[in-house]
Amino acid sequence: MAAFLDATGIVAVVLSLSEQPRVYAIADLSGSKFTLGTDVFTDSGAGDWLGFYDWLRSTSGDVIGVRLWTDEVNDRIRSLGRYEGVVADDSCSPLLIYFGAEREFDDVQSCDQDFGSNMLLVSSNGLALTFNSPTLR
């Protein structure tokens, strides 16, 4: 998981119905799409603004997930709650996405209120959310 922390651009959180979210540094998001292996992820139609987000950090400062405060909730956003590692209530705001088993985060260290480069993309095999890389603390 730590490799994406070295990124200085955009990261993609790839969601699965059966596996924990995976995080990848994305070199190029031009044209509102990116490729991982043979999967091509394209814009779901939600554009590049979903809302504000915070990188969830443990008390030791490790990034353990991301919290997304969505501006608009639609059926595709609601569906994210079915994916492994995603916690959502009926309002789907915030969405909590955990990268592993650790669920305890420090609210003081987890208040980035970042925005931008935040897209919901789809492929024939799944979904991905993109974010600006977290800053090291």
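Summary of values
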| item | result |
| --- | --- |
| Complete set of residues in the range 113-137 that are in a loop (DSSP other than H, G, I, E, B) and of a type in the set (D, E, K, R) | R137 |
| Matching entry among S110, S79 (being open to solvent by less than 40 Å² (accessible area, probe 1.4 Å), assigned to a loop (DSSP other than H, G, I, E, B) and of a type in the set (S, T, N, Q)) | S110 |
| Set G31, G65: member being farther than 17 Å from S16 by Cα and outside any loop (DSSP other than H, G, I, E, B) | G31 |
| Residue that is surrounded by the most Cβ atoms within 10 Å (Cβ to Cβ) [pool: residues in the range 33-72 that are closer than 13 Å to L129 by Cβ and of a type in the set (S, T, N, Q)] | T70 |
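The values are calculated or read from the model by the stated rules, or taken from the named source; none is laboratory data. Keep in mind the model is a prediction, meaning the values are calculated, not measured. No Cβ is skipped: glycine too gets one built from the backbone with ideal geometry, and neighbour counts run over all protein chains shown. In case anyone asks, the SASA skips ligands and DNA or RNA and just uses the protein heavy atoms, side chains included. Shrake-Rupley method; radii C 1.70, N 1.55, O 1.52, S 1.80 Å.
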